[in-house]
Amino acid sequence: MFNQPQAEVAWLARRLRELHLYDGIAWNQMAVVARSRGQLDQLAVDLAHESVPVDVAGSQSALRDEFGSRILLRVAEVLLNARQVDAALAVELLTSPLCGLDSLGLRRLRRGLRREELLADGTRNSDELLAELFDAAGSVVTIKSQEGKKVDRFLKNYFAGAAIASDKSQSIEDLLWQIWDSSGLAKQWQELSRGVGEVALQANRNLDSVLALFAAANRYAERNPGADPRVFVDQQLALGLPEDTLALNDNQKQSVLLLTPSGLIGRRFTVVATPQLIEGVWPNLRPRSSLLGATTLDGLMSGRIQDATQTQRSELPDELRMLHKAVGAASERLLVSSTSSEDNQISQFIGLMLGEIPEPTNYDSGALTLRGMAGSLRRKLAQSSGPESDSFALGLARLASAGVAGAHPDSWYGLLPLSTIEPLADLENEDVVIRPSQLENFVKCPLHWFLNAHGGGDKTFSANLGSLVHKALELGAEVNEESLWKLVESKWHTLHFESDWLEQAGERKAKKMIGNMVQYLRKFEADGAQVIGREVSFEFKINQALVRGQVDRLELYPDGRVMIVDLKTGSKAFTAEEARENPQLGLYQLAFDNGAFESLLQWPEGFNPSDAKLAGAKLLLVSGDKPTEREQNSIDDNSASRNNFENMIAAATRGMAMEEQVFVAQVGSHCTNENEFGSCKIHLTKAVSYAG
């Protein structure tokens, strides 16, 4: 029993590796059984990260949803339909694995194209130049950079594919093979798949999906000789079911099989692990039935239950049967684990199996992997100063010579030179896109903005719930809690809950926010105000910044005042001072003054828009006990405030373009406060956090 889910997974991974390395049990004689398919997908990633080779039973998705097959279908669709490539499609193709440009490489390519255009006295922007690359082969040969060579090679393959697509004598197999064979991905993914970890897991999945795609193409060509290849591509892009796969059967793969209890029929394993035995997950006592309640009716007729309210208790025998199936599938060893925390309660099944529920413990053993050994040796080497440091260094040298990741000093953080010192944008020729919410993040902590803007963010449950409440405010036509709740309830299924009590807590939170919104809206109507804009998207340019965003509400009051409203559903409580200086509200006001909303608002009949006066902007906080408004005065009445926001945009433009090559970490309460950012916690952990 553990205090943290991460500790539970680390223990399970180490135990499986011990059984394989010390006891000689083959990987394919081990199974991990979870209650739900969603758990399996997460366990696969977590165990692969701990260097346990895994395979998820029945993990194939539709070919359009698998990464490897989807990119082949996408390019085939473009070629077969002879689509005119615009800038967005060009970026999609160039950043796909078939070409291999990353965001920085794409930016360098844009600069190179723009530089060539200026030398030729041209005026086209980089978007137009990217799209033009797909008009004819050889259009990028003048770009001598690494990116230029990579794109030139891809374009040659692209136009070779276009020739096959236009040849009526060629089949869909011929086209797909040209795209696949010329990409070089076969060798790359095969090499990656031979390892262990998340990358190997994804590479194997990519290869499986490509095999399934070619098998499907072969069947289509054999059954429909001379058929139009476009029909096959359209069918696959519309098909939501998985195709047959040529992948090896589960018992042939040298990997730990992850499966649900239903997948255990007719199977036996030397070792079976049942992790994450958590109340509400396993057993899951949430009533399950059909639309018309057939399961409940069957229980009533058979006498298993006396009335419909007993359906939850009737689920327990089914949950026990599934647990019995999992336990019975183990011929020698059974591994059972769970986590007890604020959000998770240990399953009653633990007490049933062990006779009592043990106290959770801390887990601090290292990973039983070569990479874990490299980390341990590096840590000991950094801490030692005596003769023993030589043995640590020798151990690292042996690991480095064997190619173990992290062992060679060339891979150690802080020792390599900077890969590039180029800014992220050329402010002389490019605009920097700024969004109001990003500006607020950048002002508070530039490092946090950089992490979030380049893939370090995470969409939480609170953010998803907030999106539903925002949508209710946008679409709600009646000011009453019942109608607004119906709007939220219609999309409630898109939220994921591990247990009933978590769902009930989320429902109470949502209804509380809706109640606060209704209070505000009734006061709004009593003031005689009107909504002139809901979820209004805008765009305006100020110097080298292209500001894009969306405003929740614009309100017009009887005296001609216009108020911009930003709905906040998070738990953060803004002070009046924070609202007055809020960058997001400031950008909304600048957007209004720069005419970004002119043609987008719905003015009441007979009202002259020139009579409207910006009264400011405000935050509407609805997660507390009552609705709270925090206003920001109009920048029309305060030139100092306007100048402050304009200077803020100018500084952010230079900073986001990485002109100074530094992102400052403003360490403060927001680093650990989950109601604010909370994603910088890891950067506050000490360099050596070893216990033992």
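The values are calculated or read from the model by the stated rules, or taken from the named source; none is laboratory data. Computed from a predicted model, the values in this text were never measured in an experiment. Cβ placement follows ideal geometry from the backbone for every residue including glycine, while neighbour counts extend to all protein chains displayed.
Number of residues in the stretch 117-127 that are acidic (D, E) and over 18 Å from A87 (Cα atoms): the value is 1.
Please verify whether the stretch 404-413 includes one or more residues that are out of contact with any Pro (no Cβ under 8 Å at 6 or more places or on another chain) and at positive phi.
Going through the stretch 404-413, the residues out of contact with any Pro (no Cβ under 8 Å at 6 or more places or on another chain) turn out to be 404-413.
Keeping just the survivors that are at positive phi gives 406.
Within the stretch 404-413, one or more residues are out of contact with any Pro (no Cβ under 8 Å at 6 or more places or on another chain) and at positive phi.
When S61, S126 are checked against the criterion of being hydroxyl-bearing (S, T, Y) and surrounded by 19 or more Cβ atoms within 10 Å (Cβ to Cβ), a single residue qualifies: S126. Of the helices (runs of 4 or more DSSP H) that lie entirely inside the stretch 474-586, those containing 2 or more residues that are closer than 30 Å to E279 by Cβ and free of Cβ contacts under 8 Å to residues at least 24 places away in the same chain span 500-526. Taken together, the residues in the stretch 519-577 that are under 23 Å from L600 (Cα atoms), hydroxyl-bearing (S, T, Y) and more than 30 Å from the chain's Cα centre (by Cα) amount to 1. Quick one: would you say E117 is among the charged types (D, E, K, R) and crowded, with 21+ Cβ neighbours inside 10 Å? Judged against the criteria, E117 is not a match. Filtered by the rule that a residue be closer than 27 Å to V9 by Cβ and surrounded by fewer than 17 Cβ atoms within 10 Å (Cβ to Cβ), the stretch 384-403 gives A402, G403. Scanning the stretch 300-332 for residues that are modelled with pLDDT under 80 and β-branched (V, I, T) yields I305, T309, T311. Under the condition of being hydrophobic (A, V, I, L, M, F, W, C) and exposed (fewer than 13 other Cβ atoms within 10 Å of the Cβ), the residues counted in the stretch 317-340 number 0.
The selection criterion, being more than 29 Å from Q29 (Cα to Cα), surrounded by 17 or more Cβ atoms within 10 Å (Cβ to Cβ) and out of contact with any strand residue (DSSP E or B) (no Cβ under 6 Å at 6 or more places or on another chain), holds for R378.
Considering every residue within the stretch 55-70, establish whether at least one is farther than 20 Å from L213 by Cα and part of a loop (DSSP other than H, G, I, E, B). Give the steps one after another, and end with the answer.
Filtering the stretch 55-70 down to residues farther than 20 Å from L213 by Cα leaves none.
For the stretch 55-70, residues farther than 20 Å from L213 by Cα and part of a loop (DSSP other than H, G, I, E, B): absent.
Would you mind stating whether G560 is assigned by TED's automatic domain parsing to the domain that holds S610 and on the phi > 0 side of the Ramachandran plot? Yes: the conditions hold for G560. As a summary of the residue check, G197 satisfies the conditions (1) in contact with a helix residue (DSSP H, G or I) (Cβ under 8 Å, 6 or more places away or on another chain); (2) at negative phi; (3) surrounded by 13 or more Cβ atoms within 10 Å (Cβ to Cβ) except for the one numbered (2).
How many residues, within the stretch 617-628, are loosely packed, with under 14 Cβ neighbours inside 10 Å and part of a strand (DSSP E or B)?
Qualifying residue count for the region: 0.
If you go through the stretch 595-616 one residue at a time, do you hit one that is part of a strand (DSSP E or B) and touching a His at 6+ places or on another chain (Cβ under 8 Å)? Can you show your working first?
So the first thing to find is which residues in the stretch 595-616 are part of a strand (DSSP E or B), and the list is 613-616.
Then keep just the ones that are touching a His at 6+ places or on another chain (Cβ under 8 Å); that gives none.
Taking every residue of the stretch 595-616 in turn, none turns out to be part of a strand (DSSP E or B) and touching a His at 6+ places or on another chain (Cβ under 8 Å).
Can you tell me which residue is surrounded by the most Cβ atoms within 10 Å (Cβ to Cβ) among those in the stretch 10-58 that are among the hydroxyl-bearing types (S, T, Y) and under 23 Å from the mean Cα position of the chain (by Cα)? The qualifying residue surrounded by the most Cβ atoms within 10 Å (Cβ to Cβ) is S51. I'd like the full set of residues that are surrounded by 17 or more Cβ atoms within 10 Å (Cβ to Cβ) and either in contact (Cβ under 8 Å) with a residue 60 or more places away in the chain or over 24 Å from G570 (Cβ atoms) (or both), limited to the stretch 632-645. Selection gives S634, I635, S641, R642, F645. I need the full set of residues from the stretch 230-252 which are more than 22 Å from F67 (Cβ to Cβ) and either modelled with pLDDT of 55 or more or surrounded by 13 or more Cβ atoms within 10 Å (Cβ to Cβ) (or both), in order please. Residues satisfying the conditions are R230, V231, Q252. In the stretch 74-182, counting only helices (runs of 4 or more DSSP H) that sit wholly within it, the ones holding 3 or more residues that are small (G, A, S) span 87-94, 103-119, 146-166. Among the candidates G395, G355, single out the residue that is over 24 Å from V52 (Cα atoms) and out of contact with any Gly (no Cβ under 9 Å at 6 or more places or on another chain). Only one candidate qualifies: G355. Of the residues examined, E659 is one that is among the acidic types (D, E) and either modelled with pLDDT under 85 or in a loop (DSSP other than H, G, I, E, B) (or both).
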